[in-house]
Amino acid sequence: MTDCRLYLISPERIEHPSIFAAELRAALDGGDVAAFQLRLKDVDDDAIARTADTLRPVCQQRDVAFILNDRPDLAVKLDCDGVHVGQGDLPCREARRIVGPDRQVGVTCKASRHLAMEAAEAGADYVAFGAFFTSTTKTVTTPASLEILEWWSGLMEVPCVAIGGITVDNCRPVIAAGADFLAVAGGVWNYRDGPGAAVRAFNAVFAEPSR
């Protein structure tokens, strides 16, 4: 039995939030999900707000943390549960200043032990490592090895998220290496039997006896 949990990431484009909300409900009703990150690219603030206002209640009614990518200012304005910042966004300390002490701040650390240590010292609630596999949703610029998960989980109490091309079929080594959360996008939304079945399948893997 593992303590690993699922961290869903949205598709980069959501043309019709009300239609996608049905997919999100199906996913979240498939089993335990810790968080959902809204990660939209190349859209304006109004589009982000409309989508967040449609999807946030779906998550919060199910006790799933609703995390906004990149934008601490909008995370506060839109009453999100937290923000996730990358290395090209605001520094962790600045994001924390904006969102305050009660919202989560997660930080992309790619394959860097140094960046992860800095993020933890700056007050990050979690650090994200990856990519561990070829991703269908994002170009992999910094492949990560399982060793960084083993190192981090053996040393630090700050949780770590594994990201990058993770699917039901390839996730077991990542879990065994010590990931606290699996960040998954295409592995759920493009799953052959639908998003609800994907979440059920991931949770079945999490429940397998540790080897």
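The values are calculated or read from the model by the stated rules, or taken from the named source; none is laboratory data. Note that the structure is a prediction, hence the values are computed from the model and not measured. Because the Cβ atoms are built from the backbone with ideal geometry, glycine has one as well, and the counts that use them run over all protein chains shown.
Some notes on this structure:
- Test: residue in the range 181-195 that is surrounded by fewer than 21 Cβ atoms within 10 Å (Cβ to Cβ), assigned to a helix (DSSP H, G or I), over 18 Å from the mean Cα position of the chain (by Cα) and of a type outside the set (Ser, Thr, Tyr): no
- Residue satisfying all of: in the range 141-158; assigned to a helix (DSSP H, G or I) and aliphatic (A, V, I, L, M); nearest to residue 114 (Cα to Cα) among these: 148
- Within the range 82-104, the set of residues being in contact (Cβ under 8 Å) with a residue 24 or more places away in the chain and closer than 27 Å to residue 155 by Cα comprises 82, 84, 87, 91, 92, 93, 96, 100, 103, 104.
- Test for residue 9: is it touching a Gly at 6+ places or on another chain (Cβ under 6 Å), under 24 Å from residue 196 (Cβ atoms) and surrounded by 16 or more Cβ atoms within 10 Å (Cβ to Cβ): no
- Scan the range 16-52 for residues that are among the charged types (D, E, K, R) and either at pLDDT below 95 or not in a loop (DSSP other than H, G, I, E, B) (or both) and the total you get is 7.
- Subset of the range 1-15 [among the charged types (D, E, K, R) and part of a loop (DSSP other than H, G, I, E, B)]: 3, 12, 13, 15
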